[in-house]
Amino acid sequence: MNFELKVALRFLKDGRGQTVFILLGIAVGVAVQVFINTLIAGLQIDLVNQTVGKSPHVWMVGQSSYEAALAANEDANYFRGNFEALTSPLKNWENIETILGSRTDLTAIVPVAEGSAFLIRTEETVPVVIKGMDIADADGIYGISESIVSGTASPGGDQILIGSGIASDYNLEIGDIVTLTIPGIRNQNYTIGGIFSLGSVTDDTWVVMRLSQAQKFLGLGSDVSKIEMQVADVYSAETIGGELQARFSGASVNNWIENNTSLLAALNSQSMSSLIIQIFVLFSITLGIASVLAVSVVQKSKQIGILKAMGTKDRQVSRIFLFQGAMMGVLGALAGGGMGVGMVRMFLWGTSLETGTPLFPLTIEWVRIVVILSIVVASSTLAAVIPARRSLKLNPVEVIRNG
Amino acid sequence: MAEKTNCKYVLKAEGLVKVYGTTVKTEVLHGLNFSVKSGEFTSIIGYSGSGKSTLLNILGALDVPTEGRILFCGEDYGKMKPDELADFRNKNLGFIFQFHHLLPEFTAIENVLIPTWISGVSGHQREKMNRRAEELLEMVGLKAFIHNKSTDLSGGQQQRVAIARALINDPTILLGDEPTGNLDTETTDQIYDLFRKINQTYGTTLIMVTHNDQIAKRSDRIIELIDGRIHSDREKAEETRADVG
């Protein structure tokens with residue numbers, strides 16, 4: 001073994017009490033870092049997932065009808081029945097879909113014919129949102145097939161799917177016939193083929209039908225109202241949206257980030273506070289090591305003096321202290337990493353005691369942990385620099401003279 | 001008597017002056033000139049404050065003179081860089097201090113081996129050095145205590161470990177600062193015998209700062225310092241020099 005390493009190890013072993021205390025200090029700090037980091041990351045993933053997990057991240061609609069009318073300088077009919085059609089339909093959407101299909105960063109592309117209507121059931125008139133889309137496509141975003149609570153997931157003929165909220169509020173069952181109406185334009189009877197529960201407010205408003213059915217009912221011809229998309233990395237939605245906007249100047253592209261600025265601001269400040277906590281923890285670890293080693297330089301001054309008299313070079317002496325810092329960092333970081341992972345497991349176990357599932361899922365990301373541990377080891381070594389430099393100033397003559 | 005080097009004078013001090021302090025200057029050594037022959041056993045005596053420890057530190061390249069120079073076989077210490085000086089001390093000088101200064105974190109044999117670790121011996125050299133350390137500890141009579149923690153040894157035992165440590169790299173000069181200063185008479189005698197044995201067996205040049213008349217009288221040469229000047233420099237005739245008892 002290297003001489004400096006051997007002496008460093010022996011110094012640490014000799015000051016056992018001191019070493020154990022500082023190691024514990026480092027370990028607790030590292031554990032807090034690992035735990036907070038994992039907790040905040042898990043919380044944010046969960047929040048974002050709840051917000052946009054089952055909704056489009058990016059969507060493309062036709063130009064604003066009002067702007068289109070202005071551009072055409074005509075008194076365009078941008079009302080559809082009593083409902084204001086805020087955007088004009090997307091024409092040639094099959095071409096757009098093909099172009100979008102060549103992008104690898106999009107995980108789902110769903111052309112949708114969407115509009116408002118009323119569902120009439122005996123005396124009740126219920127406002128609903130018509131979502132016409134290919135169910136297989138729609139599963140990419142909404143997972144409708146797996147959310148069917150009764151009936152079929154593939155409606156045929158005049159069958160439609162309704163949300164479980166509508167079904168329970170108005171006592172609707174599979175096989176019931178309902179009327180959908182756009183006042184002044186169209187009345188049409190449909191049979192309820194399936195009931196879905198997506199677990200959100202959409203269960204109270206959505207009526208899902210095949211794309212062609214909706215196109216016919218809403219009078220869109222062969223056009224669609226919008227194309228909804230999900231992207232692989234939710235945070236890239238803004239960039240991808242921008243790219244699509246530039247590519248399809250005739251359309252209007254939106255993304256979830258624009259619509260959730262306050263959520264994202266909250267997430268950002270949360271990340272920032274977590275970062276600040278971690279920086280301060282790191283800082284106190286570093287100070288702790290630096291102070292222990294500063295004391296150690298004084299305690300070991302006799303040994304250092306004698307080592308120098310026997311021909312130890314200054315750079316070897318300072319390496320003894322750097323190695324001590326690094327070793328404390330490595331040992332403390334490993335112990336702390338283990339403790340942190342243990343705390344995460346405890347959290348998952350503790351919060352799942354009553355409900356059977358944890359408060360929110362946490363994934364232990366080893367890369368993240370390795371990064372934290374590496375930073376701790378690096379700062380521990382750095383913490384030893386000042387004591388190491390002080391050791392250089394020790395004059396063997398002084399030490400020997402004073403016994 | 002075997003001699004270690006080819007040069008006749010292993011150390012030469014030329015006009016050594018040492019001044020301590022910057023504002024209030026105290027001149028401790030006032031221009032000393034002397035030479036030490038290879039294989040010689042020299043004692044430096046004097047009252048405390050006479051400058052003998054300062055002189056020894058300068059001879060041992062631990063301290064630098066304010067004026068003058070030290071030549072080791074003609075080579076000037078003052079011209080060596082700090083790292084070269086460290087190497088020089090490691091290879092050519094052995095130190096024995098009054099308070100033995102073993103590293104308490106290590107065992108007896110580890111303490112003896114430390115100078116070889118510093119210079120970085122490796123492979124089969126290490127095996128050889130381990131054997132040498134054992135032999136040296138056996139020579140100083142500590143065969144049974146090889147693996148004892150240095151703090152578990154008595155004062156005299158610790159001093160003998162320090163002597164073994166000073167010898168491990170087979171130095172040209174062994175420097176001692178009051179090596180028997182805090183030992184009883186009987187142990188002092190044993191240590192003296194050991195020095196003489198080392199001097200005769202390895203041809204090591206010995207320079208000892210001492211208060212002890214017994215040691216001083218049995219060495220080959222006595223340099224007496226008074227107030228930083230050489231008061232007397234007496235050499236025994238070759239034939240009257242003591243032999244190992």
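Given 0.36 nm per residue, what is the gain on full extension from A:LEU382 to A:THR125 after removing their alpha carbon distance, in nm?
On the way: separation 257, 0.36 × 257 = 92.52 nm, distance 7.20 nm.
The A:LEU382-A:THR125 span can extend by a further 85.3 nm.
Listed highest first by mean packing, meaning other Cβ atoms within 10 Å per residue, what order do B:188-201, A:362-375, A:92-105 come in?
Numbers: B:188-201: 18.8, A:362-375: 15.1, A:92-105: 13.0.
Put in order of decreasing packing, that is B:188-201, A:362-375, A:92-105.
Using the Kirkwood radius built from alpha carbon pairs, what does the Stokes-Einstein equation give as D for chain B at 37 °C and 0.692 mPa s, in µm² per second? Walk me through the intermediate numbers first.
On the way: Rh = 18.5 Å.
D, rounded to a whole number, is 178 µm²/s.
Run the reach check for B:LYS143 against lysines, Cα to Cα strictly under 19 Å, same-chain hits fewer than 8 apart removed. What comes back?
Excluding near neighbours in sequence, the set is B:LYS128, B:LYS197.
Which residues does the label zone of A:ASN171 cover in region A:122-152, counting backbone N under 18 Å from a point 7 Å along Cα→Cβ?
A:122-126
So how tilted is helix A:261-299 from the main axis of chain A? Cα-based, degrees 0 to 90, rounded to 10.
So the inclination is approximately 10 degrees.
If you restrict to DSSP beta bridges whose two residues both lie in region A:105-235, what percentage is antiparallel, to the nearest 5? Write down the numbers at each step before the final one.
Numbers: 29 of 38 bridges.
Rounded to the nearest five, the antiparallel share is 75 percent.
Going by amide H atoms built from the backbone, whose H comes under 5 Å of the H on A:SER150, apart from near neighbours?
A:ILE195
Let me know the whole percent of all Cα-Cα pairs from chain A that are separated by more than 32 Å.
Working: 45881 of 81003 pairs.
That fraction is 57 percent.
Hey, could you grab the Kirkwood Rh for region A:181-286? Inverse mean 1/r over distinct alpha carbon pairs, Å, one decimal. Please report the intermediate quantities before stating the final value.
Numbers: mean 1/r = 0.0534 Å⁻¹.
After inverting the pairwise mean of 1/r, the radius is 18.7 Å.
Which value, in debye to the nearest 20, describes the size of the charge dipole of region A:105-235 about its Cα centre when Lys and Arg Cβ atoms bear +1, Asp and Glu Cβ atoms bear -1, and nothing else is charged?
Here the size comes out at about 420 debye.
What residue among B:ASN169, B:THR201, A:GLY163 has its Cα farthest toward the positive end of the dipole of the protein assembly as shown, where the charges are +1 on Lys, Arg and -1 on Asp, Glu, each on the Cβ?
Checking the options against the dipole of the protein assembly as shown, the answer is B:THR201.
Starting from a Cα-only point model with no solvent, please compute log10 I(q)/I(0) by Debye for region B:9-109 at q = 0.17, 0.18 1/Å.
-0.89, -0.98
Add +1 for every Lys or Arg and -1 for every Asp or Glu among the other residues with Cβ under 9 Å from the Cβ of A:ALA214, and state the total.
On the way: positive: A:LYS131, A:ARG210, A:LYS216; negative: A:GLU114.
Surrounding charge for A:ALA214 is +2.
With +1 on each Lys and Arg Cβ and -1 on each Asp and Glu Cβ, how big is the dipole of chain A about its Cα centre, in debye rounded to the nearest 20?
3960
Calculated from DSSP H runs of 4 or more alone, at -39500 (n - 2.57) each and per residue, what is the 222 nm mean residue ellipticity of the protein assembly as shown, nearest 500? Write out the running numbers ahead of the final one.
On the way: 22 runs with 306 residues, N = 648.
Roughly -15000 deg cm²/dmol at 222 nm, from the helical runs in the protein assembly as shown.
How about region A:129-231: which GluC sites (Glu not before Pro) there lie in a loop by DSSP and see at most 13 other Cβ atoms within 10 Å?
On the way: sites: A:GLU146, A:GLU173, A:GLU228; in loops: A:GLU173.
Those satisfying the criteria are A:GLU173.
Classify region A:264-403 as rounded, prolate or oblate from the Cα gyration tensor: take a ≥ b ≥ c as the square roots of its eigenvalues, call it rounded if a/c is under 1.5, otherwise prolate when a/b beats b/c and oblate if not.
Prolate, because a/c is 1.5 or more and a/b exceeds b/c.
If the viscosity is 0.890 mPa s and the temperature 25 °C, what Stokes-Einstein diffusion coefficient in µm²/s follows for region B:81-149 when Rh is the Kirkwood radius over Cα pairs? Working shown, then result.
On the way: Rh = 13.1 Å.
Estimated diffusion coefficient is 187 µm²/s.
For A:LEU392 and B:GLU67, FRET efficiency with R0 = 22 Å and r from the beta-carbon atoms, rounded to 0.05?
Numbers: r = 26 Å, r/R0 = 1.20.
Efficiency computed from Cβ-Cβ geometry: 0.25.
Of A:LYS302/B:LYS52; A:LYS54/A:LYS131; A:LYS13/B:LYS91; A:LYS308/B:LYS37; A:LYS6/A:LYS308, which ones are farther than 19 Å apart at the Cα?
The answer is A:LYS302/B:LYS52; A:LYS13/B:LYS91; A:LYS308/B:LYS37.
Mind listing the long-range amide H neighbours of A:LEU359? Cut-off is under 5 Å, sequence gap 5 or more, other chains count too, H placed in the peptide plane at 1.01 Å from N.
Amide H neighbours of A:LEU359: A:THR351, A:SER352.
Please check: in the Gaussian network model of chain B (C-alpha springs, under 10 Å), which one of B:THR180, B:THR66, B:THR26 has the largest mean-square fluctuation.
B:THR26
Remind me, relative contact order of chain B in percent, using alpha carbon pairs under 8 angstrom and six or more residues apart?
Working: 462 pairs, mean separation 70.8, N = 245.
It comes to 29 percent, rounded to a whole number.
Between A:GLY325, A:THR355, A:LEU307, whose Cα lies farthest towards the positive end of the dipole of region A:280-370 when Lys and Arg beta carbons carry +1 and Asp and Glu beta carbons carry -1, centred on the Cα centre?
Comparing the listed Cα positions along the dipole, A:LEU307 ranks first.
State, to one decimal in nm², a quarter of the convex hull surface area for the C-alpha atoms of region A:105-235, i.e. the direction-averaged projected area. Can you show the working numbers first?
Details: hull surface 32.2 nm².
If you wrap the Cα atoms of region A:105-235 in a convex hull and average its projections, you get 8.0 nm².
Let me have the relative contact order for chain A, percent, based on Cα pairs under 8 Å that are six or more residues apart. Each step should come with its number before you reach the end.
On the way: 654 pairs, mean separation 102.9, N = 403.
Once normalised by length, the contact order is 26 percent.
Express the Stokes-Einstein translational diffusion coefficient of region B:132-220 in µm² s⁻¹, to the nearest whole number, given a Kirkwood radius over alpha-carbon pairs, 20 °C and a viscosity of 1.002 mPa s.
Values: Rh = 13.3 Å.
Approximately 161 µm²/s, per Stokes-Einstein.
Please report B:LYS217, A:LYS131 as a ranked list, fewest other C-beta atoms within 10 angstrom at the top and most at the bottom.
Arranged by neighbour count, lowest to highest, B:LYS217, A:LYS131 become B:LYS217, A:LYS131.
Among rounded, prolate and oblate, which fits region A:96-176 when a ≥ b ≥ c are the square roots of the eigenvalues of its C-alpha gyration tensor, a/c under 1.5 means rounded, and a/b larger than b/c means prolate? Kindly include the intermediate steps, with their values, before the conclusion.
Numbers: a/c = 2.74, a/b = 1.99, b/c = 1.37.
Judged from the Cα gyration tensor, region A:96-176 comes out prolate (a/c at least 1.5, a/b above b/c).
List the aspartates and glutamates whose alpha-carbon lies under 12 Å from that of A:LYS313, not counting same-chain residues fewer than 8 positions away?
The reachable aspartates and glutamates, counting only those whose Cα sits under 12 Å from A:LYS313, are A:GLU4, B:ASP83, B:GLU84, B:ASP87.
Give the residue from A:GLN278, A:THR19, A:VAL48 lying farthest towards the positive end of the charge dipole for chain A; charges sit on Cβ (+1 for Lys and Arg, -1 for Asp and Glu) and the dipole is referred to the Cα centre.
A:THR19
Give me the angle, in degrees from 0 to 90, between the Cα long axis of helix A:16-52 and the longest principal axis of the Cα atoms of chain A, rounded to the nearest 10.
10
Near the amide H of A:ASP176, under 5 Å away, which other amide H atoms are found, from residues 5 or more places off or on another chain, if H is placed in the peptide plane?
Long-range HN contacts for A:ASP176: A:ILE192.
Quantify how strongly other chains surround peptide A:309-320 by giving the mean number of their Cβ atoms within 10 Å of each of its Cβ atoms.
On the way: counts 12, 17, 17, 8, 8, 3, 3, 5, 1, 0, 0, 0.
Partner-chain Cβ atoms within 10 Å, mean over residues of A:309-320: 6.
Taken together, the values in this text are just the output of simple stated rules run on the coordinates, not laboratory data. Predicted model only: the values in this text are computed from it and were never measured. All Cβ positions, glycine included, derive from the backbone under ideal geometry; neighbour counts span all protein chains shown.
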